[in-house]
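Laboratory data are not the source of any read-out in this text; all were calculated from the coordinates shown. All values reported here derive from a predicted model rather than from experimental measurement. Positions of Cβ are generated from backbone atoms using ideal geometry, with glycine treated the same way; all protein chains shown enter the neighbour counts.
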Amino acid sequence: MNYSKRISSLPGVELFQDINLEKYTTIRLNNKGSIALVSDLNSLKEVIRILLEENMQYHLVGWGANQIIHQTDKVLFIKLKLEFDRNYLSKVRDEYELPASVPLNILTSHAKKFNLSGWEVFTGIPASLGGAIFMNAGTNLGEIGSLVKSVTILTSQLEVKTVETSEESFSYRKNKFLSEGDIILSAKLIHNGIDLSIGQKITNYLDLRKSTQPLTTKNCGCVFKNYDESHRAGQFIDVCGLKGFSLSGLRVSPMHANFIENDGTATSGDFIEMVELLKYQLDLFSGIEFELEAKVY
Ligand SMILES: Cc1cc2nc3c(=O)[nH]c(=O)nc-3n(C[C@H](O)[C@H](O)[C@H](O)COP(=O)(O)OP(=O)(O)OC[C@H]3O[C@@H](n4cnc5c(N)ncnc54)[C@H](O)[C@@H]3O)c2cc1C
């Protein structure tokens, strides 16, 4: 039996084959492939077991907000849709055990309502919790890694294990504890107590983001990592005169030069071509090789 027949018969799995995957990433590039939406751990284990037996690869998609799906042959994309009762967030807790698929905006609303100190660091970041932890997502206010106490993982050997984490487990837009094939299932988050200024701080930061980032276009957030605080990729792209530059349905955002916007017609190949061109210009102009922040798979 081939992998798709075996997987589609599992409870807790919805399998979509050979579809346009554009709606699974925020940049919405056109690319055909297969994706499984998985809603519980047992089904997830079975999916991975089948894929390993059938010699297929898998790759996780969270909110798809920092991800370019390029290679779709012999790979099944997996999106977690784990159960989460919103009532869990009806009160303040010392620690929060949360599934990887919970969207960060729900957590920000909770932080805003209860003035949860520390949680302002991820204000306005479009992400699932798993994707945010994988990327150590953050803002000028801090990074999510500072709040993660432990992460529960399904390894590619089908073992479930919990890793205790600290700030040392993370660096700029990176985690240091996941291995190839590890899937984040859930995480324990802490906070720094109640601070009555947090609600307003979150509101102000959301307003600031609206005026400085293209939040309503199809994009994948920052394309390049900043080299350091004084060598920011967006500033260099701007100085190169490439703000607003267009190529094959893609445009360097006129609002923030480290964002590339899709008009709805671009493919992942177009994105890669655009990135190569920007890299070349950046290198020529600054002598710095800016690393990609967006994950191209
Ligand atoms: C408009 C906009 C603004 C943004 N602003 C910011 C910002 O201010 N700060 C910032 O840090 N980022 C920002 N981003 C980028 C993005 O929101 C973050 O990188 C976010 O953490 C991505 O989370 P995700 O769930 O979308 O992950 P995805 O983009 O889907 O995936 C990212 C990586 O995580 C892996 N992954 C996802 N889920 C799991 C899992 N459960 N287990 C194992 N691996 C997993 C994926 O395989 C992939 O390698 C922005 C993006 C957009 C579109």
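Which of the residue pairs LYS5/LYS32; LYS74/LYS279; LYS23/LYS81; LYS225/LYS279; LYS32/LYS81 have a Cα-Cα distance greater than 23 Å in the structure shown? Checking Cα-Cα distances, LYS74/LYS279 exceed 23 Å. About its Cα centre, the dipole of the stretch 47-142 is roughly 280 debye, where the only charges are +1 on Lys and Arg Cβ and -1 on Asp and Glu Cβ.
Simple spin-label estimate for ASP40 and LEU247 gives 4.8 nm between the two label positions (7 Å along the Cα-to-Cβ direction from each Cα).
Full extension of the segment from TYR297 to THR212, taken as 0.36 nm per residue of separation minus the current Cα-Cα distance, would add 27.8 nm.
Give the calculated FRET efficiency between SER166 and PHE285 to the nearest 0.05, with a Förster radius of 41 Å applied to their Cβ-Cβ distance. Display every interim value, and only then the final one.
Working: r = 38 Å, r/R0 = 0.93.
Here the calculated transfer efficiency is 0.60.
Neighbours of ASN66, meaning other residues whose beta-carbon lies under 10 angstrom from its beta-carbon, give a summed charge of +1 when Lys and Arg score +1 and Asp and Glu score -1. Between the alpha-carbon centres of the stretch 170-213 and the stretch 246-281 there is a gap of 27 Å.
Determine, at each q value in 0.10 (inverse angstroms), the log₁₀ of I(q)/I(0) that the Debye formula gives when each Cα of the chain is one equal point scatterer. Debye curve over Cα of the chain, log10 I(q)/I(0) at q = 0.10 Å⁻¹: -0.58. For the stretch 13-50 versus the stretch 75-121, the inter-centroid distance based on Cα atoms is 22 Å.
Per the helix-only calculation at 222 nm, which mean residue ellipticity applies to the chain, given -39500 (n - 2.57) for every DSSP H run of n ≥ 4 and division by its residues, nearest 500 deg cm²/dmol? Before the final figure, lay out each step's value.
On the way: 7 runs with 78 residues, N = 297.
Counting only the DSSP helices, I get -8000 deg cm²/dmol.
Taking R0 as 45 Å, what's the FRET efficiency between ASP228 and GLN57 from their Cβ-Cβ distance, rounded to 0.05? The pair ASP228/GLN57 has a calculated efficiency of 0.85.
Put a plus charge on the Cβ of each Lys and Arg, a minus charge on the Cβ of each Asp and Glu, and nothing anywhere else: the dipole of the chain about its Cα centre is then about 680 debye.
Projected onto planes of every orientation and averaged, the convex hull of the alpha-carbon atoms in the stretch 86-200 covers 6.8 nm². For the chain, relative contact order (Cα pairs under 8 Å, six or more residues apart, normalised by length) works out to 18 percent.
Using the count of nearby Cβ atoms within 10 Å as a rough guide to exposure, how do ASP207, ASP238, ASP85 rank from fewest to most? If you can, show how the numbers build up before the last one.
Values: ASP207 11, ASP238 17, ASP85 7.
Ranking ASP207, ASP238, ASP85 by Cβ neighbours within 10 Å, fewest first, gives ASP85, ASP207, ASP238.
Note on LEU158 and SER109: the model spin-label points, each 7 Å out from Cα along the C-beta direction, lie 3.8 nm apart.
Across the chain, the longest run free of exposed loop sites, meaning GluC sites (Glu not before Pro) lying outside DSSP classes H, G, I, E and B with no more than 10 other Cβ atoms within 10 Å, spans 1-82. The simple spin-label model puts a point 7 Å past each Cα toward its Cβ; for THR203 and SER9 those points are separated by 5.7 nm. If the chain linking ASP195 and SER117 were pulled fully straight, counting 0.36 nm for each residue of separation and taking away their Cα-Cα distance, it would gain 27.5 nm.
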